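Accompanying notes for the structure given below.
A short reminder: the numbers here are calculations on the coordinates, not readings from a lab. Worth saying up front: this structure is predicted, and the values here are computed from it rather than measured. Cβ placement follows ideal geometry from the backbone for every residue including glycine, while neighbour counts extend to all protein chains displayed.
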Amino acid sequence: MIEVAFKMLIGNRSAFIGVIFGIFLAILLISQQSAIFLGLISRSYRIVEIVPHPDIWVIDPSTQGEDIIRAMPKSYLDYVRGTDSVEWAVPINYSQQLLSTPTGLYKVAEDGIDDETIIGAPELIEGRYEDLRSEGSVIIDSNSAQDFLAPISKDGTKTPLSVGDTVEINGQRAVIVGIGKTTPGFFPQPIVFTTNSQFQKFSGSNRLQYIAAKSVDIDQALNQINSNSNVLALTKDQLSKRMACHFLKTGILINYAI
C-alpha cells in the first residue's frame with residue numbers, strides 16, 4: 001500500500017514538483033508571518049526592553065500598556081526607595097508630545113529618564129550623556145534624525161538632524177545633544193529622550209508613569225512593595241507579558257490574521 005502511494009506521488013513529475021513547491025511556500029509564509037508578528041509584539045513593551053538594569057517595575061494597577069498609563073504621585077518613588085529589599089529605584093516617564101521642526105509638526109514619544117544616573121538612555125551614536133543634564137537638552141533616535149525628522153530643502157534633499165540643532169517640543173525650545181540607537185515602538189513615530197526634570201517642563205506634569213528598581217531579594221521586594229494597594233510591582237517578564245496581552249486585546253491579532 002505504501003509502495004502504491006509512493007508511486008502515485010512521484011509518478012507524475014510535474015504534480016510532484018508542484019506539491020513540493022506548495023509545501024515550501026507554505027512553510028516560508030508561516031515562518032515569515034510568525035517572525036513579523038512576534039516582532040510587533042515585542043515592540044509593545046519597548047520601554048521595558050530598553051532599560052535592562054532593573055529587575056522590578058512599579059506601576060499604577062490601572063496601567064496596561066503605553067497607550068493606557070495612569071500616572072503616580074512622585075511620593076511613590078520615595079516609598080519604593082524606602083523598601084528594605086530595594087537597592088535603588090529611578091523614575092521612568094513616557095508621554096506623547098508635539099515636536100516641531102522648520103519643515104513640519106510631528107507627534108513623538110518622549111521618554112523621561114533619571115537625572116542623576118541617566119538610566120534608560122539609549123546607546124549614543126553621537127553626543128555625550130552628561131550634556132543631557134543641560135537645560136532643554138534631548139536625545140533623538142537615529143532613524144528619525146536621519147529620515148523622519150530630517151529637514152527637506154527645496155530641491156528635496158534631506159539634511160539629517162545632528163548635535164547642536166534645535167527643535168521645539170510643546171512650543172518650548174529643545175537642543176539636540178545626542179543621537180541614539182534604540183528599539184522602535186509599535187507606532188511608527190520618533191522617540192525623544194530627556195531627563196525627568198526636563199520631561200516635567202515639556203509635559204507640564206510632575207507625576208510618574210513607571211518606577212524601575214533593582215532589588216537585593218526580588219521576591220521579598222515584590223511582597224513589600226505590593227503591600228501598598230495603590231501600586232503594582234512586577235518583574236520585567238511580568239510587565240512585558242502584561243503589555244503584550246493588552247496589545248493583543250486591541251484587536252491587532254484579528255486584523256493581522258485577516
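Quick check: Cα centre of the range 64-90 to Cα centre of the range 138-163, how many Å? Cα centres, the range 64-90 to the range 138-163: 35 Å.
Output the relative contact order of the chain, whole-number percent, from Cα pairs under 8 angstrom with separation of 6+ residues.
30 percent
The local environment of Met72, defined by Cβ-Cβ distances under 12 Å, has a net charge of +1 under the rule Lys, Arg +1 and Asp, Glu -1.
May I ask you to compute the full-extension gain from Ser100 to Asp131, defined as 0.36 nm times their residue separation minus their alpha-carbon distance, rounded to one decimal in nm?
Working: separation 31, 0.36 × 31 = 11.16 nm, distance 2.16 nm.
9.0 nm is the gain from fully extending Ser100 to Asp131.
In this label model, Lys107 and Asp219 are separated by 4.4 nm, measuring between points 7 Å along each Cα→Cβ vector.
Past the 26 Å Cα-Cα mark, which pairs from Lys214/Lys249; Lys181/Lys236; Lys158/Lys201; Lys107/Lys158; Lys107/Lys201; Lys154/Lys201?
Working: Lys214/Lys249 30 Å; Lys181/Lys236 21 Å; Lys158/Lys201 30 Å; Lys107/Lys158 19 Å; Lys107/Lys201 17 Å; Lys154/Lys201 34 Å.
With Cα atoms farther than 26 Å apart: Lys214/Lys249; Lys158/Lys201; Lys154/Lys201.
Hey, quick one: spin label on Asp237, modelled 7 Å out along Cα-Cβ, who in the range 45-65 has an amide N within reach, i.e. under 20 Å? Under cut-off, by backbone N: 45-59. Farthest toward the positive end of the dipole of the chain, out of Ser197, Ser14, Ile27, is the Cα of Ser14, where the dipole comes from beta carbon charges about the Cα centre. Stretched out straight at 0.36 nm per residue, the stretch from Ser75 to Ser162 would grow longer than its current Cα-Cα span by 27.6 nm.
Note that the range 132-242 carries a Kirkwood radius of 16.8 Å, evaluated over its alpha carbons pair by pair.
Please give the length that would be gained between Ser197 and Asp55 if that part of the chain were fully extended, namely 0.36 nm times their separation in residues minus their C-alpha to C-alpha distance (nm, one decimal). Let's see the in-between values first.
Details: separation 142, 0.36 × 142 = 51.12 nm, distance 2.39 nm.
Here the answer is 48.7 nm.
Please report the orientation-averaged projected area of the chain, defined via the convex hull of its C-alpha atoms, in nm².
For the chain, the mean projected area of the Cα convex hull comes to 21.2 nm².
Each label point was placed 7 Å from the Cα along the Cα-to-Cβ direction; for Asn226 and Thr183 their separation is 2.3 nm.
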